[in-house]
Amino acid sequence: MASPQARPGLPRIRASYRIETPLDPERAAAAMAGEQSSGTFLKLAGETDALRERHAARVESVALLATVDTPSLPGSLTGDAYHRANVTLSWPQENIGASLPNLLATVLGNLTELRELSGIRLTDVELPRDFIEAFPGPQFSIAGTRRLAGVDHGPLIGTIIKPSVGLSPEETADLVRQLIEAGIDFIKDDELIADPPYSPLAERVPAVMRVIEEHAQRTGRKPMYAFNITGDIDEMRRRHDLVRAHGGTCVMASVNWIGMASLVALRRHAELPIHGHRNGWGLFYRHPQIGIDYRAYQALLRLAGADHLHVNGLGSKFAEADASVIDSARACLTPLLEAPGRDDRALPVFSSAQTVHQAPPTFAALKSTDLIFTCGGGIMGHPDGVAAGCRSLRAAWEATASGVTLEDHARQEPDLAVALRAYQSPFSG
């Protein structure tokens, strides 16, 4: 059957890349476009002019950056020099439809294996309005999370259950009791625990929620707990329902391992916020010449339904540069689509070796307190105890948001003063 003629104004998906190639970058970009749409390594009879006109990817721009002597990745064609360039391609949306897995297969897919490339990194994705509208996005976003956690302003001060593994349901509940009595806003399971034999979710959820509900009845304040329900689709649905039945207000999933399709399925089923943990992200970002920038990937995770997304933290124990952390958080807080009644932002979750010292530079760079600030040792390692750790962090953020230095505010906040002495700043020296 002959392919219909292209229609002017057909919505297009745009993807931007940083590539490295032994070829002329224009030629490499053309190979990328052909591989990911109508072309192959030789001309086929079915690849008519009309089909190409309607369905072929287009090279929108190529900008040379630099030339290096050696390839960044093995397996590419050899050359005398390797050229780095920014490339933008576009595709008609009808090639893909409203499908996140197929979008990724199109904009990245086989490109990671092309011999024409010795480096390929997806840096951004621009989606048409009707593609975005096909997905409901986060169900709770910032306002819904704040309402459920009872935190009207400022960051949600949070922590992670530690030790990460080995605690029984009752031991976990005992730790939760200490944390919520100390004034914590948000607690999450570690990504290493979901439904293990030593702490089955069917026992951990009721044990933890019993403590939280008792606290809520007594104080009127109900901190949020993100239970790790990572599993296959059916398991996650059942586990979500277990959390909801016991009065829980958040579920967590390891988004890189469940995949886009499973996250979409969980969002369709969920009646609770979805806390998206990105463990394994180093596979995507650590080498500068291959992978995905988080600015591109987080947009797809938000469309799939994540309400919260991890972004690491400033001065953290991980390899990610501070500038990348802040760019990731800004991206999470930037709407994908401005429309009445729609809020598709996600709360960025800062974590990894965070203490009172990170509050000022985080606020200065982000210009927002719409975030979850999770600290393990930064709370539980406070010399005067867990409650003092929580109070020191609140004091640090209050000072920061008010334009007061931590040292000045510490004169009237003894818990903050102790924390400033106890924790070494990662930015000093």
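The values are calculated or read from the model by the stated rules, or taken from the named source; none is laboratory data. Treat the numbers as computed from the prediction; the structure is a model and nothing was measured. Don't worry about glycine lacking a Cβ; one is built from the backbone with ideal geometry, like all the others, and counts go over all protein chains shown. Calculation scope for accessible area: heavy atoms of the full protein, side chains included, ligands and nucleic acids excluded. Shrake-Rupley method; radii C 1.70, N 1.55, O 1.52, S 1.80 Å.
Per-residue 3J(HN,Hα) values for the range 217-228, derived from phi via the Karplus relation 6.51 cos²θ - 1.76 cosθ + 1.60 with θ = phi - 60°, read 5, 7, 10, x, 10, 10, x, 8, 10, 9, 7, 7 Hz in sequence order (x marks Gly and Pro). I'd like to check one number: the per residue accessible area of the range 146-228, probe 1.4 Å, reported in Å² as a whole number. Roughly 41 Å² per residue, with all protein chains present. Looking only at the range 79-120, which residues have a backbone nitrogen under 19 Å from a spot 7 Å from the Cα of Leu337 in the C-beta direction? In the range 79-120, the label zone of Leu337 (backbone N under 19 Å from the point 7 Å along Cα→Cβ) covers 91-104.
Does anyone have the angle between helix 260-269 and the longest principal axis of the chain? Alpha-carbon axes, 0 to 90°, nearest 10? Relative to the chain, helix 260-269 is tipped by roughly 50 degrees. Entry note, the chain: relative contact order of 15 percent, from Cα contacts under 8 Å with a spacing of 6+ residues. Element breakdown for the chain at a 1.4 angstrom probe: carbon and sulfur atoms account for 51% of the accessible area.
Remark: the range 117-132, residue by residue, has Karplus-estimated 3J(HN,Hα) of 10, 9, x, 7, 9, 6, 9, 6, 9, 10, 10, x, 4, 6, 5, 4 Hz, where x stands for each Gly or Pro and the curve is 6.51 cos²θ - 1.76 cosθ + 1.60 at θ = phi - 60°. Structural descriptor for the range 351-429: relative contact order 34 percent, calculated from alpha carbon pairs under 8 angstrom and at least 6 residues apart.
For the range 272-423, taking Cα atoms only, Rg and Dmax work out to 16.5, 49 Å respectively.
Taking Cα atoms only, the orientation of helix 386-402 departs from the longest principal axis of the chain by about 60 degrees. Rolling a 1.4 Å probe over the heavy atoms of the protein chains gives the range 252-380 an accessible area of 32 Å² per residue. Of Cys390, Leu416, Tyr297, which is farthest along the charge dipole of the range 294-429 in the positive direction, counting Lys and Arg as +1 and Asp and Glu as -1 at C-beta? Positive-most Cα among the choices belongs to Tyr297. Scanning the chain for GluC sites (Glu not before Pro) that sit in a DSSP loop and have at most 14 other Cβ atoms within 10 Å, the longest stretch containing none of them is 1-270. Pairing the Cα long axis of helix 294-304 with the longest principal axis of the chain, what angle in degrees results, from 0 to 90 and rounded to the nearest 10? Its long axis makes an angle of about 80 degrees.
For Rg/Rh (Cα atoms, Kirkwood Rh), the listed values are (1) 0.98; (2) 0.95; (3) 1.03; which was obtained by calculation from the structure presented? Of the labelled values, this structure produces (3).
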